[in-house]
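Undergrad: One structure follows; several queries about it will come next.
The values are calculated or read from the model by the stated rules, or taken from the named source; none is laboratory data. Since the model is a prediction, treat every value here as computed from it, not as a measurement. Please note: Cβ atoms are built from the backbone with ideal geometry, for glycine as well, and neighbour counts cover all protein chains shown.
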Amino acid sequence: MEILQLTYFLDVAETQHVTHSAQRLHVAQPAITQAIRRLEEELEVPLFARRGRGIQLTEYGRYFRDKLLPLAQEFRRLPEEMHTMANLENATIHLNVLAASSLVTDAIVEYVHNNEGVYFKMSQKPGSDLYDVGVTTRLFYQHDDQRSNSEYVCTERIFMAVPARGRYANWKSIRLEEVADEGFISLQGTSQLRLICDAFCRHKGFTPQVIFESDNPGAVRNMIAANMGIGFWPEFTWGRIDTDRVKLLPIEDPVCHRDLILTCRENKADATQVRAFFEFLTGYFEKRRQEA
């Protein structure tokens with residue numbers, strides 16, 4: 001099987017018409033017809049059947065299309081990934097930010113203000129190695145003792161943000177089992193912080209009842225201020241609460257901490273700019289941690 005054959009097949013499978021596919025692909029109709037015929041001969045099954053003036057997929061054709069589509073999507077992504085690899089050699093610093101995105105954004109704004117000619121491209125791709133500086137998080141006890149000078153790790157406490165009035169007005173701290181029946185305001189379920197906080201709750205024998213999800217810490221804070229529920233709040237990466245309608249309670253049990261990991265990957269021939277920003281970013285995190 002050739003890539004060109006598969007490309008022709010998938011397009012005809014979508015249009016159900018060889019002439020229309022030929023026009024879309026800017027090739028001669030006989031070229032598509034011959035390519036599909038050779039593909040059918042190689043597979044030894046018919047992929048299309050006549051239907052009036054057009055054609056339709058056979059049962060074999062539908063199965064073949066469904067198997068090919070995920071592979072075709074991966075293939076289409078390859079040029080972008082190769083382009084990203086090439087860009088690692090220019091002045092753009094590529095960031096893969098899976099945690100503390102608000103704090104990283106603030107740091108970038110300050111860095112760019114004092115360093116002209118530096119550009120940033122930020123992505124959120126779990127498992128990707130195509131970045132210069134990465135920011136991620138994990139449960140605090142999942143640490144690795146073999147730490148290099150290209151990695152910075154700091155531990156952050158996680159509090160429970162609650163309405164300042166009502167039930168929690170006089171509380172000084174909480175235990176997670178005491179709020180097992182509460183409605184939680186939370187980040188979206190795919191965020192690493194959300195997964196960590198869900199793990200804390202499972203450790204105490206319950207699954208949090210999430211009544212509102214957002215990708216914005218400010219929205220989480222505002223919903224809690226409106227007495228709509230409670231929510232986990234990282235000590236310094238989300239910034240200050242800045243409202244007297246929400247209070248932060250220390251969590252006594254279990255220990256609710258997480259590690260933030262900043263990683264520097266020196267992919268460029270000249271990694272001077274990457275290293276400079278990495279050192280700035282680690283200093284920025286350390287300063288905010290100490291202030292908290």
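Undergrad: In region 27-38, what residues are assigned to a helix (DSSP H, G or I) and within 19 Å of ILE3 (Cβ to Cβ)?
TA: ALA31, ILE32, THR33, GLN34, ALA35, ILE36, ARG37, ARG38 - these are the residues of region 27-38 that are assigned to a helix (DSSP H, G or I) and within 19 Å of ILE3 (Cβ to Cβ).
Undergrad: Okay, next question. Between residues in region 45-72 that are more than 15 Å from THR33 (Cβ to Cβ) and residues that are of a type in the set (Phe, Trp, Tyr) and assigned to a helix (DSSP H, G or I), which pairs lie under 8 Å by C-beta distance while being six or more apart or on different chains?
TA: Note: pairs meeting the criteria are VAL45/TYR60; PHE64/PHE9; ARG65/PHE9; LEU68/PHE9.
Undergrad: Continuing with the same structure: Could you check how many residues of region 77-105 are modelled with pLDDT of 90 or more and in contact with a strand residue (DSSP E or B) (Cβ under 7 Å, 6 or more places away or on another chain)?
TA: Looking only at that region, the number is 9.
Undergrad: Only one of these is within 24 Å of HIS94 (Cα to Cα), assigned to a strand (DSSP E or B) and hydroxyl-bearing (Ser, Thr, Tyr): THR282, THR237, THR263. Name it. Quick ask: steps written out before the conclusion?
TA: Working: THR282 fails: assigned to a strand (DSSP E or B); THR237 fails: assigned to a strand (DSSP E or B).
One residue alone meets the criteria, THR263.
Undergrad: Something else: So which residues in region 3-26 are out of contact with any helix residue (DSSP H, G or I) (no Cβ under 8 Å at 6 or more places or on another chain) and either small (Gly, Ala, Ser) or in a loop (DSSP other than H, G, I, E, B) (or both)?
TA: GLN16, HIS17, HIS26
Undergrad: Can you give me the number of residues within region 250-267 that are crowded, with 18+ Cβ neighbours inside 10 Å and either in contact with a Phe, Trp or Tyr (Cβ under 6 Å, 6 or more places away or on another chain) or of a type outside the set (Val, Ile, Thr) (or both)?
TA: 7
Undergrad: Among PHE64, PHE120, PHE75, which is under 20 Å from the mean Cα position of the chain (by Cα) and aromatic (Phe, Trp, Tyr)?
TA: None of the other options fit; the residue is PHE120.
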